[in-house]
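The values are calculated or read from the model by the stated rules, or taken from the named source; none is laboratory data. Keep in mind the model is a prediction, meaning the values are calculated, not measured. No Cβ is skipped: glycine too gets one built from the backbone with ideal geometry, and neighbour counts run over all protein chains shown.
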Amino acid sequence: MKITFIGYGQVGLPLADHLQRLGHEVRLAASRPTSDNLQKAKARNAQFNILPPQQAVKDAEVIFLATPFQANETALQAVSEELQGKILVDCTNPVGPNLSHGLNSLQSGSEKIQTLLPATQVVKAFTIYGFENFENNHYPNYTVKPAMMYCGRDDTAKSVVKTLIAELGWEPLDVGGLEQALHLEHLTLLWIRMVRVHGHSPNLVWARLTR
């Protein structure tokens, strides 16, 4: 599958690396070829295909958005035409002062993106944890896999993302439409507060147990 990453920092880079090693054609959208993040990405995996943003997005099947939330709008506007009809995986979270919700919980970041890109199929996924679990999500002492919750308005797009989630070793857990993205963003904030503020191990994940 042709997969493009817009943003490849602590969250995007390990996801891009793992997907490339699983056999996908991974492109990095590079608006600044000399950026530190791009140099780190190339040092980690020389097999990444580095392309200008519009070219990287144009024939991609799935696009991952993994920029800092405040950079989303600028990054997306540059490729808005190329994103029409595409699947966009939103890995970003609006974080405000004192680990509050950056949009005052009035709207999710994913819904804001969907408003900006009405012809794009936005799927919220690969949030709810810190970067440590995107580097390594293996918990061999347990008989359940860590859950990766995702949501979106389009079932076909969600099915594609579900497959990628499973390939990366998570248990995919569809939590509904894009209105659920706000709750996933709050779950991310809960994880951040537990780990970064209250000292819980970053090797902490959610799991689904069913009877």
Suppose we filter segment 63-103 for residues that are under 21 Å from D155 (Cα atoms), touching a Leu at 6+ places or on another chain (Cβ under 7 Å) and not in a loop (DSSP other than H, G, I, E, B); how many remain?
6
Anything in segment 170-195 that is small (G, A, S) and either within 15 Å of the chain's Cα centre (by Cα) or farther than 18 Å from R208 by Cβ (or both)? List them, or say none.
G177, A181
Any residue that is surrounded by fewer than 14 Cβ atoms within 10 Å (Cβ to Cβ), in a helix (DSSP H, G or I) and not small (G, A, S) - is there at least one of those in segment 3-16?
no
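Answer with yes or no whether R32 is in contact with a helix residue (DSSP H, G or I) (Cβ under 8 Å, 6 or more places away or on another chain), at pLDDT below 95 and at negative phi. Can you show your working first?
Working: in contact with a helix residue (DSSP H, G or I) (Cβ under 8 Å, 6 or more places away or on another chain): yes; at pLDDT below 95: yes; at negative phi: yes.
Criteria met by R32.
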Of the residues L88, L117, only one is buried (at least 21 other Cβ atoms within 10 Å of the Cβ) and aliphatic (A, V, I, L, M); which?
L88
Scan segment 23-54 for residues that are surrounded by 14 or more Cβ atoms within 10 Å (Cβ to Cβ) and assigned to a loop (DSSP other than H, G, I, E, B) and report the count.
6
Answer yes or no: is there a residue in segment 57-75 that is among the basic types (K, R) and within 17 Å of the chain's Cα centre (by Cα).
no
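Please find, among L22, L83, the residue that is modelled with pLDDT of 95 or more and in contact with a Ser or Thr (Cβ under 8 Å, 6 or more places away or on another chain). Don't jump to the end; show me each part of the working.
Values: L22 fails: in contact with a Ser or Thr (Cβ under 8 Å, 6 or more places away or on another chain).
Residue meeting the stated conditions: L83.
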Take V57 and decide whether it is assigned to a strand (DSSP E or B), among the aliphatic types (A, V, I, L, M) and in contact with a Lys or Arg (Cβ under 9 Å, 6 or more places away or on another chain).
no
Test: residue in segment 192-205 that is of a type in the set (S, T, N, Q) and over 22 Å from V62 (Cβ atoms):
yes
